[in-house]
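For reference, the structure discussed in these notes is given below.
Derivation of every value follows stated rules applied to the coordinates shown; laboratory data play no part. Keep in mind that this is a model prediction, so the values were computed, not measured. Here the Cβ positions follow ideal geometry from the backbone for every residue, glycine too, while neighbour counts run over all protein chains shown.
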Amino acid sequence: MNAIAQDEAAVVIIGSGAGGGTMAYELTKAGIPVVVLEAGQHFALRDWVNDEWEAFGQMAWLDARTTSGSWRVSRDFPGLPAWLVKAVGGTTTHWAGATPRFLDYEFKAASTYGDIEGATLLDWPISLDDMAPYYDAAEKAMGSTHVHGRPPLPANNNYKVFANGAERVGYTEYATGPYGTNAEPYDGRPGSIQDGFNFQGDKHGSKWSTLVREIPRAVQTGLCDLRPQSHVVNISHDAEGRANAVIYVDGEGNLQSQAARVVCVAGNSIETARLLLLSDSAMFPNGLANSSDQVGRNYMRHLTGSMYAWFDKPVNFHRGETMAGIIKDEVYNNPDRGFVGGYYMETLALGPAFMAAFLEPGGWGPDFANMMDHYQNMAGMWIVGEDMPQSTNRITLSETTDQHGMPVANVHFDDHPNDVAMRDYAYEKAEALYASVGAIGTHRTPPYPSTHNLGTCRMSERPEDGVVNKWGQAHDVANLFISDGAVMTTGAAANPTLTIVALAIRQAEYLAGELKSGTL
Amino acid sequence: MRVTRRSVLMGTASAAVVGASVLPGQVTAGIIKVSANSADKPMLVRMVQVVYPHAQFPVGCYERTADAIMAAADQSAADAVTFTSGMADLRNVGFEDMDDAAALAHMESIADTPFFQMVRGKTVVTLYNDHEVWGILGYEGASFDQGGYINRGFNDLDWLPDPRVDYL
C-alpha cells in the first residue's frame, strides 16, 4: 500500500462504509490516489462473533449521542438513536442485505404527493433514468440475487411463513430478494451457508460489504492509504473557502492533519452532519457548507416497525439469511390508504438476547414472558416505509461531549402523522398476513434504533433548499462532497444501501472526470 | 418537581447533587459490597422470577442472573445504594412471603423506581443471554463453526407448502 504524505493535498475520504468504501474503490480504479480515514478498527472475518451482545459490543458505534423529540426510540434507547457500526466497512458489515431500487415516483416525492402539511418534500434533482446505469453497476458489485442472471436464495423457514401468508392475503410480488448475499459463489466469494448471523459481520464472507470487496480491492491498487482508528473531528478551509485539510485523532490519541485537495464525507447521516457542524469558522459560522441552514435538517430514518407472530408449530426463524424475504405489493402511492408513499415488508429474525431487548422495550411480566416462551414458534417481519422529511427532524450539536471533548450529535425526531398512519396500516396488514397462516398471537414491535439514517445534507437543485447538488457536491464548497445517505432528498421505501452505492459510483465517475480535467 | 435521589437516577433531573437517604430497615455496618452479600440473593432471585416468569427455566438460570445484577450493582456507589435500599424496601414489605399474585402486584407498584429499572434492565440482557435459556427456548446459538444451517434445517418447516422464491 502506498502511504500518502500528510502534507500532500490528497483526495481524502472520511468513512469506509457503503459510500466511502465504494468511493475509495471507484477512484483508485480510475487511477486516483486516496486517503481513507476510518474511525473504527480493521477487523477480519475471523474476528466476528456469532453472539448478539458480544458482536454489538465489538462493532457498534457506541460513542455518546443524545436524543430528543417524541419518537419512541428517544424513550426506549435515549443514548442509542442509531444502530451503526464503527469499523472498516462501516455499517455494510452489519446490514442484512435487501437491495430494492427506488421507484420512479420516489425521486419525485414533492410533485407526486403534493403539499403535505409539516413535510419538507422536494423532488430529487435526478431521476430513476439517471440512476439506472448506476443501479446496474451497484447490483453487479454487490451481487444482488434475482438480477443480472443471478439465482434467488432458497426459502428459509421464516420465508415459508411469510410467503404463504403473502399468497393467502392476495399479494403477488414476493420473493427471497433482491438480496446482496451470494446464493452461489460469485465474485470470488462463497455462497451462503445460511448461518443466520447477518447483523454480526458474516464470518463466511458470502454477504457483500465494503470490508470484503471494495476496501481490499482499493488497497490492492496500491493507491489507497487506509487509516483505521482515525476519528475525524474537523475539516478546515482556505481563504477562498475551499476545504484544505482534515483533522483527526489517531489510534494513539494524537491529533493529526492531512492536507486535502478534495474531501468526501461518508460518516453516515448523523456523523456527516455533525462533522460539518463541528467545522464552523469565521467564514462558515453555522458550520461548513451550511449557508442554507439545511445541514442536519430533514433527517429521515424510515418509519419502521416489526411484527412478530407465533404459531402452534415450530418455525426456527433464527436459521438462515435474516432478511431474504421481501413483499413489494404495498410500495405504491395511493392516498386513499390514508397516507402517501409506500412500504416494504421484509423477513426479520432475532436471537433471544436481542428479541428480549427489542420485542417490547421496557416490557416485563407474564405477558412478556409468554411471548418469549413462543420463541421457537415465531415468525417475524420488518416494515420499512418512506417517512416524511421535516425541517425540525434534525441533527444538532449536543451539550454532551465525547471522549475527545467534541460535542456529540443530538438526534431530534418526531413522527409525522403520515408516518403514524402508514405504520398503523402496515401493522394491520402484517397481522392479517400472519393470521391467514394460523398465527395464535402477534405483537406490534416499535421501531428499533435507526439503521437507515438519511437526509441531513440533502441534494437539491437550488442551493437554498439543500446542501449538495446533483453530484453530491456541496453548494457552498466546490471541493467538498457528501458520499453517503445524507444526500438523499427523500427516503423512498427501499432499504438504502444499494442506492448509496449507486450514488457513490456515479459521484466517483463525476469526481474522477473533474480531477482529470483539472476543474478540481 | 421535587428533586430526590430516586428522581435523579430515573433521569428526570440532571446534574443535581443530593444526599443518599438513610437506608431503611436492616442496619448495615461496615463496607458495603453488594455481590458479597449472599443474604440478599434469594429475594433477588424471587424478584427476577416474578418479573420474568418462565415455568420451564430452572432456578439456576435465575441465580446466574441475580449474580450478574449484584455484580453490576457494585459498579458505583449510586448503584449500590439503589440496590441496597431497594432490597431493604422489599424486606420491609415482606416480599418473600407474598404469593405470585401479590408479588406481581407489588412489582407493578414499584415499576417506576430506579431500583426496579436497574434490576429489570440487567435481567433482560442477562437472563435471555443465558445459554441454558437459549436451549430451552429452542435457540441454537453460534452456527458458523457448525457449517451454518444449510444442512441443518434452515428450511425444515413442513407444515406449510413450499412457496416460490422468485417473482412471477
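Structural remarks
- Descending semi-axes in whole angstrom, ellipsoid equivalent of the protein assembly as shown, from the Cα gyration tensor: 42, 32, 24
- If R0 is 25 Å, the Cβ-Cβ spacing of residue A:428 and residue A:140 corresponds to a FRET efficiency of close to 0.05.
- Taking 7 Å steps out from each Cα toward its Cβ at residue B:131 and residue A:2 produces label points 4.9 nm apart.
- Rel. contact order, % - alpha carbon contacts under 8 angstrom, at least six apart, chain A: 25
- From its DSSP helices (H runs of at least four residues, each -39,500 (n - 2.57)), chain B gives a residue-normalised ellipticity at 222 nm of -14000 deg cm²/dmol.
- For the pair segment A:216-255 / segment B:83-162, the C-alpha centres are spaced 44 Å from each other.
- Lysines with Cα under 20 Å of residue A:140, excluding same-chain neighbours fewer than 8 positions away: A:29, A:207
- Nearby lysines by direct alpha-carbon distance to residue B:122 (threshold 17 angstrom, same-chain neighbours under 8 apart not counted): B:41
- Once the C-beta distance of residue B:92 and residue A:421 is scaled by a Förster radius of 41 Å, the resulting FRET efficiency is 0.25 to the nearest 0.05.
- The residue B:152 and residue A:41 beta-carbon pair, evaluated with R₀ = 41 Å, returns a calculated FRET efficiency of approximately 0.80.
- Rounded to 10°, Cα long-axis angle of helix B:114-126 versus longest principal axis of chain B: 30
- Within the shell of other residues whose beta carbon sits under 11 angstrom from the beta carbon of residue B:138, the net charge comes to -1, with Lys and Arg scored +1 and Asp and Glu -1.
- Other residues lying with their Cβ under 13 Å from the Cβ of residue A:244 contribute a combined charge of -2, Lys and Arg counting +1, Asp and Glu -1.
- Scoring A:8-18, B:141-151 by mean Cβ neighbours within 10 Å over their residues and listing the highest first yields A:8-18, B:141-151.
- Distance between the pseudo-spin-label points of residue B:108 and residue A:435 (7 Å out from Cα toward the beta carbon): 2.7 nm.
- Label sites at residue A:403 and residue A:239, each approximated as a point 7 angstrom past Cα along Cα to Cβ, lie 4.0 nm apart.
- The mean sequence separation of alpha-carbon pairs under 8 Å and at least six residues apart, normalised by the residue count of chain B, gives a relative contact order of 25 percent.
- 222 nm mean residue ellipticity, helices alone, for chain A (DSSP H n ≥ 4; -39,500 (n - 2.57); rounded to 500): -7500 deg cm²/dmol
- The Kirkwood radius of segment B:33-146, taken over pairs of alpha-carbon atoms, gives through the Stokes-Einstein law at 25 °C and 0.890 mPa s a diffusion coefficient of 167 µm² s⁻¹.
- Under a 5 Å amide H cut-off, with hydrogens placed 1.01 Å from N, residue A:189 pairs with nothing among residues at least 5 apart or on other chains.
- For chain A, the longest principal axis of the C-alpha atoms and the axis of helix A:157-168 are separated by about 70°.
- Relative packing of peptides A:344-352, A:143-151 - highest average C-beta neighbours within 10 Å first: A:344-352, A:143-151
- Beta bridge orientation in the protein assembly as shown: antiparallel %, DSSP, nearest 5: 65
- Taking a Cβ cut-off of under 14 Å around residue A:376, the surrounding Lys, Arg, Asp and Glu residues balance to a net charge of -2, with basic ones at +1 and acidic ones at -1.
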